[in-house]
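The next block holds one structure in the form of structure tokens; read it before the comments.
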Amino acid sequence: MEKTHGRQGEIVAVDVNGLGTYLRPGMWVWAVPPRLKGPRSFVVGRVRGNGHGWLVSLVGVDSIAHASRLVGRTLLVAVDELPDDFELHDARELVGRRVRDLLLGEIGHISEVTLGVANDAWTIEGETGTFVIPVVGEYVLGIDNEGELVVNLPDGVREGRDG
């Protein structure tokens with residue numbers, strides 16, 4: 001939580017590590033580090049973008065004085081509240097992970113994650129070279145049971161690698 005906004009208790013929240021906001025109305029959140037006295041968990045009332053971050057209203061936080069006690073804290077959500085593809089956007093967890101193409105098999109590992117406005121991109125290094133693919137549903141299919149990332153490389157990239 002970066003700063004207060006207005007007099008109604010709204011707080012400006014910014015993304016952590018480029019992960020974006022997964023907050024939505026009705027979701028329970030926990031402020032960390034917790035205060036010794038006072039509430040430690042809250043229900044999200046409203047979330048809206050403001051160009052710099054997200055304006056977040058928490059139920060029961062209705063004054064600038066109350067909101068100011070949350071500045072500098074991080075809001076945590078329960079793991080089961082995160083989207084199914086959350087792991088595909090956490091750069092810290094992705095670097096070093098093995099990548100397998102549907103047709104070519106193992107193609108290397110992620111060496112870098114580039115955060116983008118429209119979508120992220122992965123730099124993949126392997127025996128056949130280094131290349132970049134956008135992290136979009138058309139190309140990134142998910143994670144298999146062994147923790148390997150499964151992709152469907154764009155035809156142009158695949159054609160340059162399988163010969």
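The values are calculated or read from the model by the stated rules, or taken from the named source; none is laboratory data. It should be emphasised that the depicted structure is a prediction, and the values quoted were computed from it without experimental measurement. Here the Cβ positions follow ideal geometry from the backbone for every residue, glycine too, while neighbour counts run over all protein chains shown. Please note that ligands, DNA and RNA were not included when accessible areas were found on the heavy atoms of the full protein model with its side chains. Shrake-Rupley method; radii C 1.70, N 1.55, O 1.52, S 1.80 Å.
Within the range 68-103, how many residues are touching a residue at least 24 places away in the same chain (Cβ under 8 Å), open to solvent by 40 Å² or more (accessible area, probe 1.4 Å) and of a type in the set (D, E, K, R)?
Of the residues in the range 68-103, 9 are touching a residue at least 24 places away in the same chain (Cβ under 8 Å), open to solvent by 40 Å² or more (accessible area, probe 1.4 Å) and of a type in the set (D, E, K, R).
Which of the residues that make up the range 123-132 are surrounded by 15 or more Cβ atoms within 10 Å (Cβ to Cβ), of a type outside the set (D, E, K, R) and over 13 Å from R100 (Cβ atoms)?
T123, F131
Residues that are within 25 Å of K3 (Cβ to Cβ): find the strands (runs of 3 or more DSSP E) completely inside the range 49-156 holding 2 or more of those.
Where strands (runs of 3 or more DSSP E) fall fully within the range 49-156 and carry at least 2 residues being within 25 Å of K3 (Cβ to Cβ), they are 54-58, 74-77.
All but one of (1) within 19 Å of D15 (Cα to Cα); (2) under 18 Å from the mean Cα position of the chain (by Cα); (3) open to solvent by less than 60 Å² (accessible area, probe 1.4 Å); (4) in contact (Cβ under 8 Å) with a residue 12 or more places away in the chain hold for H52; which doesn't?
For H52, the failing item is (3).
Could you tell me how many of the residues in the range 27-48 are under 20 Å from the mean Cα position of the chain (by Cα) and under 12 Å from E10 (Cα atoms)?
4
Considering only residues of the range 109-122 that are at pLDDT below 85 and hydrophobic (A, V, I, L, M, F, W, C), which is surrounded by the most Cβ atoms within 10 Å (Cβ to Cβ)?
In this case the residue turns out to be L115.
Which one of the conditions (1) in contact with a strand residue (DSSP E or B) (Cβ under 7 Å, 6 or more places away or on another chain); (2) open to solvent by less than 50 Å² (accessible area, probe 1.4 Å) does E106 fail to meet, given that it meets all the rest?
(2)
Going through the range 133-155 one residue at a time, which ones are open to solvent by less than 60 Å² (accessible area, probe 1.4 Å) and more than 23 Å from the chain's Cα centre (by Cα)?
Matches in the range 133-155: P154 only.
Taking the range 105-137 only, how many residues are within 17 Å of E93 (Cα to Cα) and among the β-branched types (V, I, T)?
Number of matching residues: 6.
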